[in-house]
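For reference, the structure is listed below as structure tokens.
Any read-out appearing in this document is the output of simple, stated calculations on the displayed coordinates, not a laboratory observation. A quick note: this is a predicted structure, and the numbers were derived from the prediction, not measured. Positions of Cβ are backbone-derived with ideal geometry, glycine not excepted, and every protein chain shown enters the neighbour counts.
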Amino acid sequence: MTLSRRQVNAPRPARGPARSAGIGILRAGHELIGVFQEMRREGWSALVDLVEGWSSGRSTARRRANARRYLPGLGSGGLETRALLTYWHVIPRVLENATFLLHHPGARTAFLKNFPPQVQHAPLNRPVSGITRRRFVIATQTAYGGQAVEVTALDGTHYMLKLSYTSNTLATDIAEGLNGQNGASTSVTAAASVSMQNQSYPQPVGVVRAYAMPGGRVGIIVDGSTPNTDLTINPIAQPQYKGFAKSFAYGEAGRNHVLNIGQITVTSGQIGAIEGYQTAILSGPLTAMGNTPIDRIALDALVPGASITTGGDLNTLDVLHGITLSGSGSDISIGRDLNLLNVGNGITLSNGANILIHRNLGLLSQPPKGTGTGSNVLSLNYANVSNAITSVTIPSVGSFVQGNVNISPGSFFGMAGLIYNTMYVEGSVNGYSRLFEQYGSPAQANPPFLTQLPTYIFSTTTTTNTGPPATPAGPAPNGYLTALQGVTP
């Protein structure tokens, strides 16, 4: 019987050359897979480093060590000094480059120097064209089953046009009105206001559509809305792509983050509010011909070509910057009362552009809404001056214009009714002869005006009123145009 190798304690025979070749092929395969994985992580720079290693005689049996690792020096009793290893801080003359760019702060200058780099450590599976491509028309995408639309403007900014639900609690409720005018007076009231914001409200009624218009504008159509439906226009963040965290977005330098709206049509004629106070300018018609009141229309600016037409009351019209209307058809026409007009700069009407309020201005005081001011803006910004001799009346405002009102020949600013809460203009009114109360009636006339809030002087026996006389709209200063810089015909 033949004994086994283990029984006779014989050594294991050496492996043949064929088996060694197989192991070599397997190792080469593993090394090749490692090269592909490194290329996928770091791009073509990994292949360049591999070729440089071959040319310098480095062994290809193992991968290149990571030269960017940060190794703390534990043996020295502490950590070694941290070094900034970015490319742009080790190039020659870095201070000269930085000084040049600080004196030429334009984004194009930095883009041409690629300092900071526009694309850095970008993965191969994410093309750069999606970030730098030029747009010629806006892009829209429906969301939430038609209750929202995402819009991408020509400058690359993104906006969400969304319908939301408005509470049907009337603003004329006494407690709500007091809180709106004077703010929350107690912590209990403040907590109640905050808790209301966290409630679950019903799904808004209606749908919204958006279409591209020439000139990079967007046209909006709201269908099936009710007085409890709000249209909000808000910017949304730029998408952050994986692998581009260390890349500088030069496209942001040319973005104004304001959407140009060429048309808003409310087909039902009913809507609670249209809110784009800091995000949307209007350059075309806005039409809501229903006879139900609209609580608020808030826009960044009204530019030539814009128009607003409502069939009923408009409680608040907020314009953050200015109203500049020019040309026939570029009008503001309010079907009934306009209770509060807020304009951050001035109003300019020219070439036949008009503002016509078919009833009264400032009939009902309005609370502050959003970031806009309310009818109580003067009482918040002017101190009450009162003692035993004099007293200054701080009125509610029906209009608060922080610039000038310019009405050119061929245009007019008319109210078919009267001014109730004062029309307050911090600048001057140029074209006062084209500003009318009771427009279109036999009683049509220019409203009485003040250049300051009236002062009342009291005596021990009688009261002497040095202010202006009362008007049909109420005691002074109600019913007046208050232009601090005066008026010119």
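Kindly write out, for the stretch 268-280 in residue order, the coupling ³J(HN,Hα) from the Karplus curve 6.51 cos²θ - 1.76 cosθ + 1.60 (θ = phi - 60°), rounded to whole Hz, with x marking Gly and Pro.
6, x, 10, 7, x, 6, 10, 10, x, 4, 10, 10, 9
To the nearest 0.05, what FRET efficiency results for residue 236 and residue 205 with a Förster distance of 22 Å applied to their C-beta separation?
After rounding, the FRET efficiency stands at 0.40.
Please list, in order along the stretch 376-381, the HN-Hα scalar couplings obtained from phi with the Karplus expression 6.51 cos²θ - 1.76 cosθ + 1.60 (θ = phi - 60°), rounded to whole Hz, x for Gly and Pro.
Each residue's phi maps through the Karplus curve to give 8, 4, 5, 5, 7, 10 Hz.
Multiply the residue gap between residue 379 and residue 165 by 0.36 nm, knock off their C-alpha separation, and tell me the result in nm, one decimal place.
Value of the extension gain: 73.9 nm.
Rounded to the nearest 20 Debye, what is the dipole magnitude of the stretch 197-284 about its Cα centre when Lys and Arg each give +1 and Asp and Glu each give -1 at the C-beta?
360
Semi-axes of the stretch 314-354's equivalent ellipsoid from the Cα gyration tensor, sqrt of 5 times each eigenvalue, largest first, rounded to whole Å?
Equivalent-ellipsoid dimensions as semi-axes: 18, 14, 6 Å.
If you filter the stretch 241-272 for chymotrypsin sites (Phe, Trp or Tyr not before Pro), then keep DSSP loop positions with at most 16 other Cβ within 10 Å, what is left?
In loop regions of the stretch 241-272 (DSSP not H, G, I, E or B), the sparsely surrounded chymotrypsin sites (Phe, Trp or Tyr not before Pro) are 241.
Sorted from fewest to most neighbouring beta carbons within 10 Å, what does the list 96, 252 look like?
96, 252
Extension gain residue 141-residue 333, at 0.36 nm per residue separation less the Cα-Cα distance, in nm?
That pair, residue 141 and residue 333, stretches by 65.9 nm at full extension.
Taking amide H positions as placed 1.01 Å from N in the peptide plane, with prolines and chain starts having none, which residues 5 or more places from residue 308, or on another chain, fall under 5 Å of its amide H?
For residue 308, whose amide H was placed from the backbone, the distant partners under 5 Å are 286, 331, 332, 333.
What are the ³J(HN,Hα) couplings of the stretch 427-432, residue after residue, when phi is run through the Karplus curve with 6.51, -1.76, 1.60 and θ = phi - 60°? Round to Hz, x for glycine and proline.
Once θ is set to phi - 60°, the couplings for the stretch 427-432 become x, 10, 10, 9, x, 4 Hz.
Just to check, using Stokes-Einstein with a Kirkwood Rh over alpha carbon pairs, what's the diffusion coefficient of the stretch 191-346 at 25 °C and 0.890 mPa s in µm²/s?
After rounding, the answer is 144 µm²/s.
Work out how much length residue 485 to residue 99 would gain on full extension: take 0.36 nm times their residue separation and subtract the Cα-Cα distance, in nm to one decimal.
Full-extension gain reported as 134.3 nm.
If you average 1/r over every pair of different alpha-carbon atoms in the stretch 230-295 and take one over that average, what Kirkwood value in Å do you get?
14.6
Over its Cα atoms, what ratio of radius of gyration to 2.2 N^0.38 Å does the stretch 335-449 give?
Normalised by 2.2 N^0.38 Å, the Cα Rg of the stretch 335-449 equals 1.12.
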